[in-house]
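Have a look at the structure below before the remarks.
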Amino acid sequence: MREMKDSGVRWLGDIPCCWKVMRVKHGFFRKKEEAHQDSPVVLSLARAGVRERDISNNEGQIAESYYNYNPVDVDDLLINPMDLYSGANCSISKIQGVISQAYINLRYKPGFDPKYYDYYFKIQYWMMAFFAHGKGVSFENRWTLNAETLMNYPIIVPSLDEQKRIADYLDSKCSKIDEIIAKQEQIIEKLKEYRLSVITESVTKGLNPDILKKDSGISWMGEIPSHWKLPKIKYIASISSGGTPDRNVPEYWNGDINWVKTGELQNTYLFDTEEKITELALNSSSAKVFPEDTILMAMYGQGKTRGMTALLKTPSTTNQACAGITVNNKTMSTQYLWTCLMGAYNAIREKALGSGQPNLSGALIGDFTVTMPPLDEQEAICVYIEKRIPIIDESIMKIEKMLDLLGDYKKSLIYEVVTGKKEV
């Protein structure tokens, strides 16, 4: 057991006696020059690492010119000073290119290994140490670590040989953990696909495999029971959307009225919301209260959000990206229509229009065709789904819990090794 000393940095604790405590500016230069390239390789930084960005598809924020972007060389360490809350948003670039001046670009000096410090800076995000040194209007708005603060931020300095040894050890260990995580994530995706297929099969084929079928004429449905109807949603339900009160008016927020965002639509019942608005906000904006048993659908959003749904179990308002679908036909059960829309997830996403990030609209949702069995069959299908889906969801939750534990273990391992508490 090697001798330890107090680092003098509260969130790092004890470090080996032979290690030094210095500042970022002692180990890194900040690169601030402009690339002045007419057709550069444009890079993006995310928690998954540094990637070449495809600017031809017009997705995301597109700059008018990349001429003044910062040049990035292999082994430059890029740090996002604007995202201090959601994760370890820093990484080493293995690609030459350019990146926005909004990111901090560090070039290592002799005696400093960028791989070791990539792990070190990731710890600062995880421990919220960078967050504690941020400044801005509020925690949620423009909370940023400025460059001067970063360059004077404390770093611990083992010998270069030990830095490399630690980085190599963590590369090996973390790659094995990441491999396990990736395999379990694949299993989760398969289970989610199976979950969707169970719902889709039920709302297109029914529960009796021997019943007479007919061609629906709709590709995602295929053959359906011959006695089922095929209405468009606009003929069995009313559709409207919500609105977002002004974020700059404090009196509009932290009230008692539920306010739903698209990210909260996870094909589940919705009993509560992350944010709430006031009565004043409701009366001063386009937000409206949807009653209990309204079906909500995300009309647009990142990733797999578009087309996701929820069934309200308490009156709520929503943002403008959510459609509220209220059944007004006595021959259609709200529970069944919600189940049907979950089963039609992929098909309804394909109806979205627009370049870059396609969107749904109330009109597109209204023109979507769904199946409508007799009410007794609708009820039987809903009961069947209510029994089957929780079993699949429980399997998914168990794997997700294991992934959380693996993620925590990985972070703990990195912290222990990088700070010298675990010798390698």
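Rounded to the nearest 10 degrees, what's the angle between the helix 114-126 long axis and the longest principal axis of the chain, both from Cα atoms, 0 to 90?
50
Bins of 5 Å, beginning at zero and ending with the bin holding the largest distance: percent of Cα pairs per bin for region 339-391, please.
Result returned by the calculation: 4, 16, 22, 17, 14, 13, 8, 4, 1.
Which angle from 0 to 90°, rounded to the nearest 10, does the C-alpha axis of helix 160-205 make with the longest principal axis of the chain?
Long axis of 160-205 versus the principal axis of the chain: about 0 degrees.
Taking a 19 Å limit on the Cα-Cα distance, which of the listed pairs LYS31/LYS135; LYS190/LYS304; LYS94/LYS115; LYS164/LYS421; LYS213/LYS234 fall beyond it? Working shown, then result.
Working: LYS31/LYS135 22 Å; LYS190/LYS304 15 Å; LYS94/LYS115 11 Å; LYS164/LYS421 16 Å; LYS213/LYS234 25 Å.
Over 19 Å apart, Cα to Cα: LYS31/LYS135; LYS213/LYS234.
Scan around ILE155 for amide H atoms under 5 Å from its own, H built in the peptide plane at 1.01 Å from N, and keep only partners 5 or more places away or cross-chain.
It is MET22, ARG23, VAL24, by chain and number.
Calculated from the structure, log10 I(q)/I(0) by the Debye sum over Cα atoms at q = 0.06, 0.09, 0.14 Å⁻¹ equals which of [x] -0.36, -0.68, -1.21; [y] -0.36, -0.76, -1.26; [z] -0.27, -0.61, -1.37?
[y]
Would you mind checking the tilt of helix 334-343 against the longest principal axis of the Cα atoms of the chain, expressed as 0 to 90 degrees and rounded to 10?
The two axes meet at around 50 degrees.
Among SER197, TYR252, GLN163, pick out the residue whose Cα is farthest towards the positive end of the charge dipole of the chain, where Lys and Arg carry +1 and Asp and Glu carry -1 on C-beta, about the Cα centre.
GLN163
Hey, fewest Cβ within 10 Å first, where do ARG247, ARG30, ARG53 land in order? Don't skip to the end; give the middle numbers.
On the way: ARG247 10, ARG30 16, ARG53 19.
Ranked by crowding around the Cβ, least crowded first: ARG247, ARG30, ARG53.
Counting alpha carbon pairs within less than 8 Å and at least 6 residues apart, what relative contact order, in whole percent, applies to the chain? Don't jump to the answer; show the numbers that get you there.
Numbers: 750 pairs, mean separation 63.5, N = 424.
Across the chain, relative contact order equals 15 percent.
List the aspartates and glutamates whose Cα lies under 19 Å from the Cα of LYS410, skipping any in the same chain that are fewer than 8 positions away.
ASP118, ASP168, ASP171, ASP178, GLU179, GLU185, GLU400, GLU423
Tell me the relative contact order for region 321-370 as a rounded percent, counting alpha carbon contacts under 8 Å between residues six or more apart.
32
Summing Lys, Arg as +1 and Asp, Glu as -1, what charge do residues with Cβ under 10 Å from the Cβ of GLY307 carry, GLY307 excluded?
Every neighbour counted, the sum reads +3.
Farthest toward the dipole's positive end in region 187-389, which of GLY354, THR294, THR339, given Cβ charges of +1 (Lys, Arg) and -1 (Asp, Glu) about the Cα centre?
Among GLY354, THR294, THR339, the one farthest towards the positive end of the dipole of region 187-389 is GLY354.
Report the local net charge at GLU264: Lys and Arg +1, Asp and Glu -1, summed over other residues whose C-beta lies under 10 Å from its C-beta.
-2
Quote the charge dipole size of the chain about the Cα centre in Debye, to the nearest 20; the model charges only the Cβ of Lys and Arg (+1) and of Asp and Glu (-1).
Here the chain has a charge dipole of around 520 debye.
Given a cut-off of 20 Å, name the pairs among LYS192/LYS398; LYS192/LYS330; LYS192/LYS411 whose C-alpha atoms lie farther apart than that in the structure shown.
LYS192/LYS330; LYS192/LYS411
Would you work out the charge dipole size for region 4-158 about its Cα centre, treating the Cβ of every Lys and Arg as +1 and the Cβ of every Asp and Glu as -1, and quote it to the nearest 20 debye?
Rounded to the nearest 20 debye, it is 640 debye.
What size of dipole, in debye to the nearest 20, comes out for region 187-389 about its Cα centre when the only charges are +1 on Lys and Arg C-beta atoms and -1 on Asp and Glu C-beta atoms?
Dipole about the Cα centre, nearest 20: 520 debye.
Since every read-out is calculated from the coordinates, none of them should be taken as a lab result. These numbers come from a predicted model, not from an experiment. Here the Cβ is made from the backbone with ideal geometry for all residues, glycine too, and neighbour counts use every protein chain on show.
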